[in-house]
Amino acid sequence: MTELEKLTQDPEKARDRGVARRQAFLRAAREVFFEAGYEAASVNDVVARAGGSLATLYSQFGSKEGLFLAVVRDQFERLRQDISAEAVQHLPLEEGLVRLGEQVLQVMLQPDYLAFNRLLVNEGRKFPDLVRRMAEGESEETRFGIECYLHERSTAEGRPIADPKDAAQYFVSLLRTRHLFNAITDPAYTLTPEQLQAHVQATVNLFLHGVLPPRGV
């Protein structure tokens, strides 16, 4: 069964076959681009997986490049939806940062996210400006939610952070550290739930309290 047939079995999605076709093409194209890279990817393979026709694909995306750019935009949107600070707004600062950190790191280590990062690294030479802008935009959205949480919670707890924007960037950078790089470069690299939790807790401790123990300890 093709991706298009799967999608159009859903009565709600079947109401708009144009949207269903687009989503089927995007899903199939993501798989093909992840597996083969941009240059080696074939739009015929995309159509074979998605169903439909080449004419429909070109009418929706214009070209192979247009399809690739649509996949990049769709992937960033899916990742953005997976990371939200709204669920921790009521939590104390340390507990909220731990929850946020686990959420962010879990998303970063998902196979789709890692494959997407590998694709962007490989194709960055062909689309450098687009990849840079979109990567910065995705990171900025993630940081903005953390920034707002840091500002609101630190102020509510009587310890307002002077520059929550920079603080959010530092926090995300600490979370990424060696684990994201290792996972991108080594497909066999994994973290157990306990290792992930320990890394996030260590990151939050370092972020909030620094590396030096309190004086007199």
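The values are calculated or read from the model by the stated rules, or taken from the named source; none is laboratory data. Since this is a predicted model, take the numbers as computed values, not measurements. In this analysis, Cβ positions are derived from the backbone assuming ideal geometry, glycine residues included, and neighbour counts consider all displayed protein chains. Only protein heavy atoms, including side chains, enter the accessible area calculation; ligands, DNA and RNA are left aside. Shrake-Rupley method; radii C 1.70, N 1.55, O 1.52, S 1.80 Å.
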Identify, among Phe25, Ala87, Leu100, the residue whose Cα sits farthest towards the positive end of the charge dipole of the chain, taking +1 on the Cβ of Lys and Arg and -1 on the Cβ of Asp and Glu, with the dipole about the Cα centre.
Phe25
If each DSSP helix of 4+ residues adds -39,500 (n - 2.57) and the sum is divided by the residues in the chain, what number results at 222 nm, nearest 500 deg cm²/dmol?
-25000 deg cm²/dmol
Cα convex hull of the range 55-124 - mean projected area over all directions, nm²
6.1
Electrostatic dipole magnitude of the range 16-67 [Cβ: Lys, Arg +1; Asp, Glu -1; Cα centre; debye, to 20]
240
Carbon-plus-sulfur fraction of the accessible area of the chain, 1.4 Å probe, in percent?
51
At 1.4 Å probe size, with every protein chain present, just tell me what the per residue accessible area of the chain comes to in Å².
56
Relative contact order (%) - criterion: Cα under 8 Å, at least six apart; region: the chain
18
